[in-house]
């Protein structure tokens, strides 16, 4: 997420808290947090006479990947302890004086994934150098959106959802079904579940029942966006543990208040319902309905706004690469959501590092990245073509990556990197073609995301 500091409203009809900070008495602050796939980011916003201003920001790598004992190599899990440790490190690095003036907290994070916890033992609070902080207690690993344990065969055996979103591996409800079939005792240890951002909100506000925004609920599957409810009748018939499903609320609403001070943030600060990082990355830069947003972070999305009043179809087209996700104020976004973005470049960098190590050399991955980008910038157009879908796509899970038009004169690191970067963008454009953008009135494409920000070639 580029614009850390997702929208948080003080209540229905209230103005944005940042605007209140700009015009109200005293220099109050809003804290924005993003719990991403690879890092945690935090930003303090304050109001000034000229408008809104970023007071301070911080980012920490989570390094949270963990092997899955149950799912094996197809599993993709993260250690929640490490995610919260990175969050605590971020907040400890922010100025105490400004944290003490925080009145609102907005939290976004990686969508689709699921973490389970015991509602009365979700965390432990203790004193640290900057005041009270919490760490996970009876909490499972986070099964992320990248998880691949649910095969197409397994997914086809599940009940048909009453939802406009096609079910896919890595979706929260699909993961619960997998545990129900393969490890039912695992689920018996927990009585609450949510995305990682829902977990943090629940801990801050001491929610006995997790609260989830429509944005994140849609990303789990088996959720009807038209009536804002889970497919409980369908789920109950197949013995799905519906007691694990969170309550659902509108994005922008308040989930609760901090029940105690947190890293100097006062008790009673308003905490917004957790939001999807995808919607927030779009919100940070989308200003006109004639804009499209190209976001490349760990994954990649090409997004356009749907017209006012748009309602998604009642049933999805499983072969379609375009999905409609709830945005804010009842609006929807049409998105080509690719599973292949910055993670493809990261895998390529890791491969180069491994090859050099196998040759008896040692090069840090952090040193490889800027060098391959410079090498790509030095090359002109090449015929080398990389179809980069090493992680498959939700609508074509078994179509993996390929390289074509390989010529002897185009095997340099620069040629390959250039073709790989171009392939990531071309893959998105094949999912949501330029002609479709033009037909819907798109006049410009705005770029966002960490992989774009650090990549001069794709910029």
Residue 129 being more than 17 Å from residue 77 (Cα to Cα) and surrounded by fewer than 22 Cβ atoms within 10 Å (Cβ to Cβ): yes
Wholly enclosed strands (runs of 3 or more DSSP E) of the range 180-253 bearing at least 1 residues touching a strand residue (DSSP E or B) at 6+ places or on another chain (Cβ under 6 Å), in contact (Cβ under 8 Å) with a residue 60 or more places away in the chain and over 30 Å from residue 309 (Cβ atoms): 192-194
Residue match in the range 127-148 (condition: under 23 Å from the mean Cα position of the chain (by Cα), on the phi > 0 side of the Ramachandran plot and not in a strand (DSSP E or B)): no
Residue in the range 98-116 that is assigned to a helix (DSSP H, G or I) and over 28 Å from residue 171 (Cβ atoms) present: yes
Residue 386 vs. criteria in contact with a strand residue (DSSP E or B) (Cβ under 7 Å, 6 or more places away or on another chain), within 25 Å of residue 297 (Cβ to Cβ), without any contact (Cβ under 8 Å) to a residue 60 or more places away in the chain and exposed (fewer than 15 other Cβ atoms within 10 Å of the Cβ): no
Helices (runs of 4 or more DSSP H) (entirely within the range 365-459) containing at least 2 residues that are touching a helix residue (DSSP H, G or I) at 6+ places or on another chain (Cβ under 6 Å): 365-377, 413-431
Cross-chain or 6+ apart pairs with Cβ under 7 Å, the range 304-316 first and free of Cβ contacts under 8 Å to residues at least 24 places away in the same chain, then surrounded by 12 or more Cβ atoms within 10 Å (Cβ to Cβ) and in a strand (DSSP E or B): 310/332
Flag if residue 350 is outside the structural domain of residue 209 (by TED's automatic domain parsing), part of a loop (DSSP other than H, G, I, E, B) and without any contact (Cβ under 8 Å) to a residue 40 or more places away in the chain: no
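What do you reckon, is residue 78 over 27 Å from residue 254 (Cα atoms), in contact (Cβ under 8 Å) with a residue 60 or more places away in the chain and surrounded by 16 or more Cβ atoms within 10 Å (Cβ to Cβ)?
Numbers: over 27 Å from residue 254 (Cα atoms): yes; in contact (Cβ under 8 Å) with a residue 60 or more places away in the chain: yes; surrounded by 16 or more Cβ atoms within 10 Å (Cβ to Cβ): yes.
Yes.
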Hey, residue 191 surrounded by fewer than 20 Cβ atoms within 10 Å (Cβ to Cβ), modelled with pLDDT of 95 or more, assigned by TED's automatic domain parsing to the domain that holds residue 165 and over 17 Å from residue 168 (Cα atoms) or not: yes
Identity of the residue in the range 265-292, modelled with pLDDT under 95 and assigned to a loop (DSSP other than H, G, I, E, B), that ends up surrounded by the fewest Cβ atoms within 10 Å (Cβ to Cβ): 287
Criterion violated by residue 319 - all others in (1) at pLDDT 95 or above; (2) within 24 Å of residue 427 (Cα to Cα); (3) more than 19 Å from the chain's Cα centre (by Cα) satisfied: (1)
Residue list for the range 391-424, restricted to those being exposed (fewer than 15 other Cβ atoms within 10 Å of the Cβ) and within 30 Å of residue 169 (Cβ to Cβ): 396, 398, 399, 400, 402, 403, 404
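The values are calculated or read from the model by the stated rules, or taken from the named source; none is laboratory data. Note that the structure is a prediction, hence the values are computed from the model and not measured. Neighbour counts run over all protein chains shown; Cβ positions are idealised from the backbone, glycine included.
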